[in-house]
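The values are calculated or read from the model by the stated rules, or taken from the named source; none is laboratory data. Worth saying up front: this structure is predicted, and the values here are computed from it rather than measured. Using ideal geometry, Cβ is built from the backbone for each residue, glycine included, and neighbour counts are taken over all protein chains shown.
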Amino acid sequence: MSLYSLGLNHTTAPVHVRERVVFEAASLGTALAELGQMPGVHEAAIVSTCNRTEIYCAVDSPTERHSQIVAWFHRWHGDTPEQVEACLYHYAHDAAVRHLMRVACGLDSLVLGEPQITGQLKSAWRAATDAGMLGVELGRLFQHAFAVSKAVRTDTGIGTSPVSVAFAAVTLARQIFGDLGPRKALMIGAGETVELAARHLRGAGLEQLIVANRDAHRAARLAGQHDGEGIALSSLPERLHEADIVVSSTASSLPILGKGAVEQALRRRRYQPMFMVDIAVPRDIEPEIGRLDEIFLYTVDDLHNVIEEGMAARREAAAEAESIIEREVATYTAWQRSLDAVDAIRNYRSRAEALSAQTLAEARRELERSGDPDAALAFLARRLTRRLTHKPTVALRRAGREGRQTFLADARELLDLDESDP
């Protein structure tokens, strides 16, 4: 069997095309079953996320099955080929192995090195397993890809450099405070960036979190996702002094925090330092606040500088990751080639065991006839040796007559024969 993959992603297809070819979780089992019913398709898995849709198969011939799988892909989604065809890519053999490993390591992601894709691949692996469509080759490939992803993240640190505004904010907070566990964060707003920053802060060990928003119910919902406390924006003056970290991202046209309010909070904190991140445009935090000695204020422009440094570090790590992947592609394909010998080894052992059983039965009859154990053992040794060496001997003589020196050299290696052997 050979490996084959077909798909599209954020680099080849715009969002309106990607939306059309998503495989819904509820129908994934049916889709996999249909793939498995195709002639020549022995194993299958489907990866479907907001940024990619990909099919991985173990097939008898990638060349012969390509058009068949593409046609099924179009039928399943009800599109016409010209709508999607130009967005599709496909890989076979080593290239399919390499592609899955690059995906697992985040090298093919919208955000270089992002870790979420590994969890999405594990979901695809579970779905294929549940559908009975994951066999020896694809099962081994996915497990190998997970191991490579772990090695890349351990050995290269590709996921440690900040490449998002929220991640950059948390990275700076850790540089200022070190351990974030005993600190308290105040998130102003309840949008996607604030939610992501809250998630990163909690992931970094921060335990105390307050979310402030004009809509107190929305603040409470977001805070509840992170075991925090939601408050109304009007409560900021009474609660600001509690915060070691402030992250603000609202749609307000006027600043949310003024210098006077922050000075009052500092007095109540006995002038313990505060780290503030203003992600909003227009700004939520008055620029004059950054001149206060105990305030570390960063704007979105400051964070973009951190992000650029992080991207450079990730690109360097990605080059190291590619080297690891190339090594592991070779490891997987060597294992895959070893499967070609499995049937031959099985048949060879089965024939040898059958000859052994047949000869043993004959030796027992010889023992019953003669009553001489030595004679029966000699009979067993002679007969079994002749039977095991007969076909190889015939093949070697034929190769000698035909002058097939390569065959004879391979036979010597296979049979462990030296030139000096009798």
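A few remarks follow.
Yes or no, residue by residue, for (1) modelled with pLDDT of 95 or more; (2) more than 30 Å from Glu195 (Cβ to Cβ):
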residue: Lys122; (1), (2): yes, no
residue: Val136; (1), (2): no, yes
residue: Phe142; (1), (2): yes, yes
residue: Pro162; (1), (2): no, no
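- Count of the range 55-78 residues which are surrounded by 15 or more Cβ atoms within 10 Å (Cβ to Cβ) and either on the phi > 0 side of the Ramachandran plot or touching a residue at least 60 places away in the same chain (Cβ under 8 Å) (or both): 9
Okay, residues lined up against (1) surrounded by 22 or more Cβ atoms within 10 Å (Cβ to Cβ); (2) on the phi > 0 side of the Ramachandran plot; (3) at pLDDT 95 or above; (4) not charged (D, E, K, R):
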| residue | (1), (2), (3), (4) |
| --- | --- |
| Lys184 | no, no, yes, no |
| Gly191 | no, no, no, yes |
| Glu195 | no, no, no, no |
| Leu206 | yes, no, yes, yes |
| Ile210 | yes, no, yes, yes |
| Asp215 | no, no, no, no |
| Ala232 | no, no, yes, yes |
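- Within the range 102-153, tally of residues that are more than 14 Å from the chain's Cα centre (by Cα) and not hydrophobic (A, V, I, L, M, F, W, C): 5
- Taking every residue in the range 255-271 that is within 10 Å of Leu240 (Cα to Cα) and pairing it with any residue that is surrounded by 17 or more Cβ atoms within 10 Å (Cβ to Cβ) and not aromatic (Phe, Trp, Tyr), at least 6 positions away or on another chain, the pairs with Cβ-Cβ distances below 6 Å are Leu257/Ile285; Val262/Ile289; Ala265/Leu240; Ala265/His241; Arg268/His241; Arg269/His241.
- Residue satisfying condition, being within 30 Å of His304 (Cβ to Cβ), among the aromatic types (Phe, Trp, Tyr) and touching a residue at least 40 places away in the same chain (Cβ under 8 Å), within set Phe146, Phe167: Phe167
- Subset of the range 160-180 [in contact with a Leu (Cβ under 7 Å, 6 or more places away or on another chain) and within 19 Å of Arg269 (Cβ to Cβ)]: Ala173, Leu180
- Flag: Tyr271 does not match the condition of being assigned to a strand (DSSP E or B) and either more than 40 Å from the chain's Cα centre (by Cα) or surrounded by 14 or more Cβ atoms within 10 Å (Cβ to Cβ) (or both).
- Evaluation of Ala86 against (1) of a type outside the set (S, T, N, Q); (2) part of a helix (DSSP H, G or I); (3) surrounded by 15 or more Cβ atoms within 10 Å (Cβ to Cβ) (one fails), failing number: (3)
- Tally of residues being at pLDDT 85 or above and exposed (fewer than 15 other Cβ atoms within 10 Å of the Cβ) across the range 323-354: 13
- Taking the range 287-315 as the range and being touching a Gly at 6+ places or on another chain (Cβ under 9 Å) and either surrounded by 19 or more Cβ atoms within 10 Å (Cβ to Cβ) or assigned to a strand (DSSP E or B) (or both) as the test, the residues that pass are Ile289, Phe296, Leu297, Tyr298, Thr299, Arg314.
- In a residue-by-residue description of the range 156-175, the property of being touching a strand residue (DSSP E or B) at 6+ places or on another chain (Cβ under 9 Å) and in a loop (DSSP other than H, G, I, E, B) applies to no position.
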